[in-house]
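Student: Mind looking over this structure? Questions follow.
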Amino acid sequence: MDSKKLSPITSGLSGDIYVPGDKSISHRAIIFGSLSYGKTSITNFLDGEDCMRSIHAFQAMGVVIKKEAQEVTIEGSGVEGLLEPLTPINLGNSGTTARLLIGVLAGLPFHVTLYGDDSLSVRPMDRVTVPLREMGAHIDGRENGKYLPLAMRGGNLHSISFESPVKSAQVKSAILLAGLLAEGSTEVIEKTTTRNHTENMLQAFGGDITVENEKIIVDGEQKLTGTTIQVPGDISSAAFFLVAAAIVPNSELTIRDVGLNHTRTGIINVLQLMGVDIDVVEERHIGGETIGSITVRSSDVKGIEIGGDLIPRMIDEIPIVALLATQAKGTTIIRDAEELRYKETDRIASVVNTLQALGASVTATNDGMIIEGQSKLTGGSVDSLGDHRIGMMIAIASLITTDQVTLNNPDCINISYPTFFEHLDKSIKK
């Protein structure tokens, strides 16, 4: 499908939605299950293109992984059971697969070549390759290993103490995964807390990890044991429907069984600060993760300033928050979000240009954007730019535009939310 026609609605949104499984947790479940001994069973796995890249990567190393719909079974034989892949591994568009897999491969005595699509090939990998070289891995690639494709020969790693210069859970996770396969104890220092799914999942698979204030310490050469993982709904996917219910009049929508990990709930805090009528209920704990349901109703929202420690807790939700801000009273300032420039697209530029094309008053800054509220959004032809979150932001915007929106290149949404348009249609009052 090259384009999709999207029309504004007047009836509002209602009902219950179960969003797909969390992308970050789905990736990590495949990785830890493949490194473990015994059987791992995963339910509510995200059946999207990115997560399939993680499955294919470990299948290429000899791991037996079977998938039926959203259920995945892994028969693990531990690190010793992994085999050198026969061919280069295609990472597609998956930055998570790329950076976390580089961390794993750094500790394995294999020669491996990794490559990705055009978008992934311009995303920086030196943020993980530089510290992994310090641990003893041999990595080469374009611009001295800054970009894919990469050629790697791992093994014989030694531990390091590493303070990440960027607020990135992917970087932290790559070093921790390499530390699992290194001699000694590896230490990662985070000045700002990022999502902690790697730490939670390592414990779920029987691993030892110590978190002391800003320090995360993992011992090398641990043996992990297969387990059962229930993947919660992805709050980054839920965010699009939370904002939709807030900005479309006469709406009340509930998202069920969403992950509420405290390192990921910045979106809820921001919606509350902006005055959205939102309730979080039915909280419970499963496999080290908090799960609950979220209800949002149509709201009058106000502009705020968003920055600091909130940003790592909602980095993927900033595009849809920017759309919300176009409907707020007053000005919204988003700062400290330079990391957005290194996503599937330069998301600062992509969000600003897209919202401007739809009639919003938005200005880019070096590390964020300034949004003047209560814009009347028009229709027109806009492109996802191959970025799933930009594509979904456009689709939600179309609900309140004055005219029809033509979304070009909508298929990229399948990366994280293959049933997005089905769920959107289901939630519209008939």
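The values are calculated or read from the model by the stated rules, or taken from the named source; none is laboratory data. None of these values were measured; they are calculated from a predicted model. Just the protein is used for accessible areas: all its heavy atoms, side chains included, with ligands, DNA and RNA removed. Shrake-Rupley method; radii C 1.70, N 1.55, O 1.52, S 1.80 Å.
Student: Identify which of the listed values of Kirkwood radius over Cα pairs in Å was calculated from the structure shown: (i) 21.8; (ii) 24.5; (iii) 27.4.
Tutor: Only one listed value fits the structure, namely (i).
Student: If you don't mind, another one. What ³J(HN,Hα) values, in whole Hz, does the Karplus curve 6.51 cos²θ - 1.76 cosθ + 1.60 give for the stretch 94-107 when θ = phi - 60°, with x put for Gly and Pro?
Tutor: 8, x, 5, 4, 4, 5, 6, 5, 4, x, 5, 5, 4, x
Student: To continue, here is another question. In the chain, what percentage of the DSSP-assigned beta bridges are antiparallel, given to the nearest 5?
Tutor: Close to 70 percent.
Student: Out of all DSSP beta bridges in the stretch 288-378, what portion is antiparallel? Express it as a percent rounded to 5.
Tutor: Here the share of antiparallel DSSP bridges comes out near 75 percent.
Student: Under 5 Å between amide hydrogens, which residues at least 5 positions from Thr228 or on another chain qualify, with H placed 1.01 Å from N in the peptide plane?
Tutor: Those qualifying (amide H under 5 Å, at least 5 residues apart or on another chain) are Ser41.
Student: Could you work out how far the C-alpha centroid of the stretch 1-48 sits from that of the stretch 56-112, in angstrom?
Tutor: So the two Cα centres are separated by 20 Å.
Student: OK, next. List, in order, the whole-Hz ³J(HN,Hα) value for each residue of the stretch 419-428 obtained from phi through the Karplus relation with A = 6.51, B = -1.76, C = 1.60 and θ = phi - 60°; use x for Gly and Pro.
Tutor: After applying 6.51 cos²θ - 1.76 cosθ + 1.60, I find 9, 4, 5, 4, 5, 5, 5, 5, 7, 7 Hz.
Student: Still on this structure: Quick one: angle between helix 347-357 and the longest Cα principal axis of the chain, in degrees between 0 and 90, rounded to 10, please.
Tutor: Once rounded, one gets 20 degrees.
Student: While we're looking at this one, here's another question. Pick from Asp383, Asp257, Asp118: which is most flexible by mean-square fluctuation in a GNM of the chain where alpha carbon atoms under 10 Å apart are linked?
Tutor: Result for the chain, Cα springs under 10 Å: Asp118 fluctuates most.
Student: Considering only DSSP beta bridges where both residues belong to the stretch 350-429, give the percentage that are antiparallel (nearest 5).
Tutor: In the stretch 350-429, approximately 55 percent of DSSP beta bridges are antiparallel ones.
Student: Past 24 Å, Cα to Cα, is the threshold; run Lys5/Lys426; Lys191/Lys302; Lys172/Lys343; Lys67/Lys426 against it and keep the listed order.
Tutor: Lys191/Lys302; Lys67/Lys426, as the Cα separations exceed 24 Å there.
Student: Under 5 Å between amide H atoms, partner at least 5 residues away or on a different chain: which partners does Asp277 have, H built in plane at 1.01 Å?
Tutor: Amide H neighbours of Asp277: Arg297.
Student: Which value, in Å² rounded to 10, gives the accessible area of Leu91 with a 1.4 Å probe and all protein chains present?
Tutor: Looks like 0 Å² after rounding.
Student: Report, to the nearest 10°, how far helix 169-180 tilts away from the longest principal axis of the Cα atoms in the chain, using its own Cα long axis and a range of 0 to 90°.
Tutor: 20 degrees
Student: Another one. From the phi angles alone, apply the Karplus equation (6.51, -1.76, 1.60; θ = phi - 60°) to the stretch 384-397 and give each ³J(HN,Hα) in whole Hz, x where the residue is Gly or Pro.
Tutor: Listing the rounded values in order: 5, 6, x, 10, 4, 6, 5, x, 5, 4, 5, 4, 5, 4 Hz.
Student: In terms of modelled amide H atoms, which long-range or inter-chain residues lie less than 5 Å from the amide H of Ser159?
Tutor: HN-HN under 5 Å from Ser159: Glu183.
Student: While we're on this one: Helix 49-59 versus the longest principal axis of the chain: what is the Cα-based angle in degrees, 0 to 90, to the nearest 10?
Tutor: It is inclined by approximately 10 degrees.
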